[in-house]
Amino acid sequence: MLKKLCMIPLLAIACLLPLVSVQAAANTEITSVRVATRNDANTPFVRTVLDVSRKVTPRLYIDKSGRYVTVTLPNTKIDKNVQKQYDANSNVVSRIWLTQRSSGTDLNIKVPRQVTAQDVKVFTLPGDKKANRSDRVVVDVNDKSGKVKQWKHWGNESIGIHSSQNTKGTKTGGSSVTVPSYGGSASYSLTKGLKGKTICIDPGHGGSDTGALGAFSQEKNITLAISKKVQTLLQQAGANVIMTRTTDVDVYAPNDGAVEELQARCNIANAAKADAFVCIHIDSYSSADAGGVTAYYNSKTSHDAGLAKYIHNQNMKATNFQDRGVRTANFYVLLHTNMPATLLELGFISNPGEEKALNSEAQQQNFAESIVKGLADYFDNNGI
Ligand SMILES: [Zn+2]
């Protein structure tokens, strides 16, 4: 109750702030705003993307109640064609609106449940003239409704109530948080051979996040077992292998937000300047009949598709599981890695026959060998 009462004077002050002329200071235009709900992380989130005419330095503020998120964009002006109010998934945000101030623009987000700095991610993306993309400011707000969804494999089924207790030290109370920026600097190698290549292997899930559950096994353990076999084989071939985890742990922190967890995995690959990123998952569906192998990619570079294709072709030689093909997806790790990346779904843990095979040393070794062969094919064909 106290918190609610405190909000009233805050709101009153916000209303009294002068909304005066901005021409003097503003030299960067906000040219468009897009709002979308994303289900490609373990926790859905609402992403707001602002196109800006040149690079800006956003700052994030969260008020004491945790219900009002403000991202300030100094020295910016809202283009006259840009709408000021936006609708979004009401589980995640109640309202999104832009406010023009003399010093710049505020992006305001009201959320139905308290958020902390760990639930909100703000970053900038550089423009790309060739791709006709302007500089962007991206604001992601995590879903706090408690309806945790798994990776969006084949449906949107809720897997029940999340017991996450985010107790990590968090700055709120109107403090500001430094906003990281990353540039997608592409420096990956496409020369022939595995020798000397840096390859990041990401075993899906881990620690507090079990991933999908089978009748007798957990996704996180199968992904780790296969990944460690891939690591050994790649090292034998002379590659430098970066593992996002080698034990049963969360990469960021237990019960963390999905965005932090997935970004932590991307950060490892990006910091190592890996030449390729391979994320290993096991699929799941409500029907026990569903089965098969899929490779996902996102064409953020010209070589993501090739990486998925070469590995998938070898994977299909290593198993009698159904071929579900090579598909595109907006999965977080595919988009936030700087190098070509693929996310492999190596069969279904919800399919009794596949679960049994996936827990066998033989099938794990077969997939490990096929992933390494596929990586070798990819580099031997210069990623195309
Ligand atoms: Zn998974």
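Please enumerate the residues belonging to the range 48-104 that are of a type in the set (Asp, Glu) and farther than 16 Å from LEU125 by Cα. Reasoning before the result, please.
We begin by selecting, within the range 48-104, every residue of a type in the set (Asp, Glu); these are 51, 63, 79, 87.
Listed by number, the residues that qualify are ASP63, ASP79, ASP87.
Step by step: first the residues of the range 202-226, then only those that are at positive phi and within 12 Å of the ligand (Cβ to nearest atom), then the one that is surrounded by the fewest Cβ atoms within 10 Å (Cβ to Cβ). Which residue is that? Explain how you work it out, then say what you get.
Of the residues in the range 202-226, the ones at positive phi are 205-207, 211.
Those left that are additionally within 12 Å of the ligand (Cβ to nearest atom): 205-206, 211.
Details: HIS205: 28, GLY206: 25, GLY211: 22.
If we take residues in the range 202-226 being at positive phi and within 12 Å of the ligand (Cβ to nearest atom), then GLY211 is surrounded by the fewest Cβ atoms within 10 Å (Cβ to Cβ).
Would you please name the residue that is farthest from GLY374 (Cα to Cα), looking only at residues in the range 240-289 that are small (Gly, Ala, Ser) and surrounded by fewer than 18 Cβ atoms within 10 Å (Cβ to Cβ)? Show your work before the answer.
As a first pass, look at the range 240-289 and keep what is small (Gly, Ala, Ser): 253, 257-258, 264, 269, 271-272, 274, 276, 284, 286-288.
Adding the requirement that they be surrounded by fewer than 18 Cβ atoms within 10 Å (Cβ to Cβ) leaves 253, 264, 271-272, 286-288.
Working: ALA253: 32, ALA264: 26, ALA271: 24, ALA272: 21, SER286: 30, SER287: 30, ALA288: 29 Å.
Filtering first and then ranking leaves ALA253.
Only one of the listed residues (PHE321, PHE348) is modelled with pLDDT of 95 or more, crowded, with 19+ Cβ neighbours inside 10 Å and either within 24 Å of THR43 (Cα to Cα) or touching a His at 6+ places or on another chain (Cβ under 6 Å) (or both). That residue is PHE348.
The values are calculated or read from the model by the stated rules, or taken from the named source; none is laboratory data. Every value quoted in this text rests on a predicted model; they were computed, and no experiment measured them. Glycine also receives a Cβ, built like all others from the backbone with ideal geometry; neighbour counts cover every protein chain displayed.
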